[in-house]
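Data block below; observations after.
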Amino acid sequence: MATLKDIAKRAGVSSATVSRILNQDETLSVTPQTRERVQEIARELNYKKKSYMKKIMWKKELNKFIALMI
């Protein structure tokens, strides 16, 4: 599965820029061409956002791991 980093590398922008474009941040100052290029690359790479719950569960598991390490 493609990551923000993969899209950013192909588009020649930062992963933060990719994230803001894919989250439809209208305050981001990029050209319409850049927005379209990033969106097109995301489609080509079949990018899918991680679900919110997956992120929460991953953070909980990470916290458990860190607690075990300590």
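Assorted remarks:
- Filtering segment 4-43 to residues that are modelled with pLDDT of 95 or more, open to solvent by less than 50 Å² (accessible area, probe 1.4 Å) and in a helix (DSSP H, G or I) leaves Ile7, Ala8, Ala11, Thr17, Val18, Ile21, Thr34, Arg35, Val38, Ile41, Ala42.
- Selected residue (criterion: farthest from the chain's Cα centre (by Cα)) from residues of segment 44-55 that are at pLDDT below 95 and open to solvent by 70 Å² or more (accessible area, probe 1.4 Å): Met53
The values are calculated or read from the model by the stated rules, or taken from the named source; none is laboratory data. No experiment lies behind these values; they were computed from the predicted model shown. Surface areas here come from the heavy atoms of the whole protein model, side chains and all, with no ligands, DNA or RNA. Shrake-Rupley method; radii C 1.70, N 1.55, O 1.52, S 1.80 Å.
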